[in-house]
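Beneath this line is the structure, given in structure tokens, with notes to follow.
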Amino acid sequence: MIVDRVTRFLTSPQNEPFEELALAAFAWQFERVEPFRRLCERRGVSPATVTDWRQVPPVPTAAFKTMTLAAAPAVEIFRSSGTTSGEERSVHHQPFPDLYRAVIDASFPRFCLPFAGAGGRLPILSLIPTPAQLPDSSLSFMAGHILDRWGSPESATAFGSRGVEAAPARSWAGARQREGKPVLVLATAFALAQWLDGLERLGLKFRLPAGSAVFETGGFKGRATEVAREDLLARLRAWTGVPAASVVREYGMTELTSQCYTGSLLGEDPELFRAPHWVRVRILDPETLEEVPAGTPGLICVFDLANIGSAVHLLTEDLGVADGEGFRLLGRAAGAELRGCSLVVEELRGAP
Amino acid sequence: MLRDAFLPATLTHSREPVFRAVERPGIRYSAARWNPEALGRVVAALQEGGAALREIPAHDLLAAWGDTVATFLRTGSLERRALDPPLGRLCELSQDGLRAGLEAVLGGVRKEPAAALASRARPAPQELGPVLAVLASNLPGLAVQPLLPALLARRPVLLKSPSAEPLFAPAFLSALARREPRLAGALAAATWPGGDTHLETSVLEGVGTVLAYGEQAALDDLERRAPGKVVGYGPMTSLAVVAASADFRGAAEGLARDVALFDQRGCLSVVAVYTDGDAEALAGRLASELLDMARIWPPGPAAKPVSAAVQHVRFEAEMRGLRQFALSVREGTVIVDPRPELRPSPGLRTVRVHPLENLERLPAILAPWRGRLQGAALAGEKAWELEPRLVELGFSRCVAPGELQSPDATWHNGGIDPLEALEQER
């Protein structure tokens with residue numbers, strides 16, 4: 001079965017060419033995902049005509065908000081976060097949660113735990129809601145798996161109904177500082193800012209042990225907020241002692257199964273995202289949808305073999321630029337610009 | 001050289017603000033560097049200039065206003081020749097699109113409609129102080145909308161331009177003050193980063209009323225910092241209703257204008273069309289008219305994020321098997337969407353045509369949008385029969401297709417009487 005082939009490919013890419021597996025994944029989804037087949041048929045595309053994975057029509061992430069894209073019955077249902085009750089949210093029907101776990105196993109340690117050693121566990125502080133708190137969050141699923149798989153007994157989650165729980169997070173940091181063993185903090189940029197706000201209010205400065213790292217995801221993607229990100233990194237260093245070079249950024253989304261990471265802990269450019277070998281990232285011209293050369297900004301398009309349960313070829317709403325072996329994030333497409341009195345997509349997210 | 005500020009006459013020789021040259025691609029102008037004290041002095045100077053403003057006879061004020069507007073409507077005028085090239089770039093409109101946009105905005109405040117508004121105007125109590133108008137960057141020339149009623153209410157005005165388009169307001173004020181020097185002490189325009197609390201504190205303290213155009217978060221922020229002073233013109237949208245009995249060709253021609261003007265960035269830009277007639281036929285005609293419109297008013301350069309959002313809308317429609325008339329991304333997108341819910345447009349002339357068996361259902365469909373509905377273009381008897389119910393929902397403007405984006409000075413933007421907001425204490 002195709003899912004087994006993809007799972008094997010995560011750890012043994014030498015057994016099968018990516019290109020072959022990509023076409024097989026396309027054919028499998030063409031057969032099973034009706035809205036996707038309709039898209040292909042309207043474009044005169046079918047497994048019989050496609051010879052290259054780049055020819056597979058990408059599915060827009062916006063489609064996850066209005067239709068069911070599932071190649072098999074869902075085992076987990078993930079929804080994108082919404083800031084207001086009326087917001088249209090993406091729904092990802094995930095039939096293969098074991099594959100999702102396998103993806104995390106095959107990519108997370110390489111970028112986030114490069115010095116932990118095989119099977120190594122370490123104290124992890126998660127500022128991300130637990131799967132019990134947010135059962136429909138793919139990020140919570142991921143954080144939960146990371147804690148189970150790599151967290152030592154001292155690991156903890158400090159997130160409650162009002163966001164980051166300052167007191168337990170403080171106690172945790174204090175205890176780990178005394179122990180002197182490297183730790184890992186999992187957080188969204190927003191949660192990280194909330195934590196640092198709390199430390200700043202109390203004037204509590206920590207020096208987390210050398211070798212400690214921060215896994216940061218979501219938020220602060222746009223250029224307009226780069227100042228805020230720089231500020232966040234400076235504050236992180238000031239209040240926890242973790243330098244910017246020890247912050248790993250993750251690029252992932254509810255609609256995707258795989259993640260891309262920056263190779264900060266590997267001594268690489270801390271703003272350059274790299275995709276794992278089962279993922280291909282291209283940058284497309286937003287007007288023509290043709291691939292643009294490296295250095296030209298465009299729309300990020302991802303071919304993720306692990307997204308076999310819904311849509312392997314995904315057109316995201318993010319803008320980026322290809323750079324060597326990776327890409328840089330520039331911002332979000334939808335609602336990137338709010339214009340005066342006109343009603344635009346982002347502004348209306350809270351509308352019915 | 002164009003400037004991003006216009007100072008009250010009493011401050012023209014002051015040391016601050018300091019001006020420096022700014023270069024953007026193809027644009028060069030002189031920009032003021034503000035600090036809280038300098039801005040505070042502007043507000044104080046305006047307060048003093050209010051006395052002269054109150055002494056100007058209405059006839060003289062209207063004459064100067066009408067003459068200035070007429071000058072700015074003439075594309076060959078000195079002012080427009082200097083302003084149009086940078087303004088088109090800054091507003092990301094083609095030159096033809098900019099001309100059409102300015103004609104629509106300025107046409108509504110010519111001497112005649114201005115006189116109609118003036119006939120209702122009363123001088124506001126002097127203690128109300130100056131008016132701060134916080135402008136948005138989506139529409140060129142928007143400055144004239146709050147400026148006219150403020151002057152008719154005899155209140156000095158500070159126009160805060162958006163950083164994205166800092167040139168129109170000072171150019172217009174400069175021309176106006178030349179025609180009526182008694183106004184020179186009561187007018188100011190300045191540009192600074194919106195939301196800068198450090199800079200804005202003295203301004204918000206010194207003015208009596210804030211007319212603010214922009215996103216809801218910005219309006220809420222201003223209201224928090226200037227409680228009770230803010231009249232907000234927040235995000236709103238517009239649509240059209242075309243009854244089966246209407247002349248589709250004529251309606252589509254007008255709708256294309258209502259969609260394409262300002263490249264669909266205004267709150268009066270049509271984003272959806274409801275019809276109880278043949279939706280596909282209407283959509284086809286609209287697409288064809290938009291194609292023509294793309295030649296008459298070529299679209300401006302498309303920002304990548306907006307193009308990307310349009311691609312998402314197109315793909316999503318394709319996956320749902322919807323009929324769509326896709327021109328080039330910048331020319332427009334017309335989708336026949338059987339789901340009746342009103343959905344926002346990402347811009348770039350993107351319109352959904354919704355078939356409705358019975359137009360009577362429309363008010364209920366739109367009810368959740370109450371408070372965010374601005375204009376409706378109506379064609380055909382059954383569409384016009386809906387007018388009272390649309391007004392009850394908050395629509396401030398119901399007109400025939402093609403006229404939606406050309407309101408005059410008496411229009412109640414967002415349902416707000418432009419004079420009432422300025423003539424009394426809030």
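Observations, loosely collected:
- In summary, B:Gln424 fulfils each of the numbered conditions (1) buried (at least 17 other Cβ atoms within 10 Å of the Cβ); (2) under 30 Å from B:Pro123 (Cβ atoms) with the single exception of condition (1).
- Filter pass, B:Arg179 being surrounded by fewer than 20 Cβ atoms within 10 Å (Cβ to Cβ) and among the basic types (Lys, Arg): yes
- Which listed residue is of a type in the set (Asp, Glu) and buried (at least 19 other Cβ atoms within 10 Å of the Cβ), from B:Glu92, B:Glu127: B:Glu92
- B:Gly254 vs. criteria assigned to a loop (DSSP other than H, G, I, E, B), closer than 30 Å to B:Ala377 by Cβ and not assigned by TED's automatic domain parsing to the domain that holds B:Ser94: no
- Output for the stretch A:149-164, where each listed residue is under 19 Å from the mean Cα position of the chain (by Cα) and either basic (Lys, Arg) or surrounded by fewer than 21 Cβ atoms within 10 Å (Cβ to Cβ) (or both): A:Arg149
- Test for B:Glu316: is it of a type outside the set (Phe, Trp, Tyr), in a helix (DSSP H, G or I), within 14 Å of chain A (Cβ to nearest Cβ) and touching a Leu at 6+ places or on another chain (Cβ under 9 Å): yes
- Of the strands (runs of 3 or more DSSP E) lying entirely inside the stretch A:196-297, the ones with 1 or more residues being in contact with a Ser or Thr (Cβ under 8 Å, 6 or more places away or on another chain) and of a type in the set (Gly, Ala, Ser) are found at A:213-217.
- Once the stretch B:344-357 is narrowed to residues that are under 18 Å from B:Ala326 (Cα atoms) and part of a loop (DSSP other than H, G, I, E, B), the residue that is modelled with the highest pLDDT is B:Arg349.
- When residues of the stretch B:351-365 are limited to those that are surrounded by fewer than 24 Cβ atoms within 10 Å (Cβ to Cβ) and within 14 Å of chain A (Cβ to nearest Cβ), the one farthest from B:Ala302 (Cα to Cα): B:Ala364
- Which listed residue is basic (Lys, Arg), within 24 Å of B:Asp60 (Cα to Cα) and within 17 Å of the chain's Cα centre (by Cα), from B:Arg122, B:Arg110: B:Arg110
- Hey, B:Val399 within 23 Å of B:Arg285 (Cβ to Cβ) and crowded, with 22+ Cβ neighbours inside 10 Å or not: no
- Summed over the stretch A:28-80, residues that are assigned to a helix (DSSP H, G or I), more than 11 Å from chain B (Cβ to nearest Cβ) and in contact (Cβ under 8 Å) with a residue 60 or more places away in the chain total 4.
- Tally of residues being closer than 30 Å to B:Ile365 by Cβ and either at pLDDT 75 or above or outside any strand (DSSP E or B) (or both) across the stretch A:303-352: 21
- Subset of the stretch B:321-339 that is touching an Asp or Glu at 6+ places or on another chain (Cβ under 8 Å) and within 12 Å of chain A (Cβ to nearest Cβ) - its residue that is surrounded by the most Cβ atoms within 10 Å (Cβ to Cβ): B:Val329
The values are calculated or read from the model by the stated rules, or taken from the named source; none is laboratory data. Bear in mind that the values here come from a model prediction, so they are computed numbers and not experimental data. Reconstructed Cβ throughout: ideal geometry from the backbone, glycine too, with neighbour counts over all protein chains shown.
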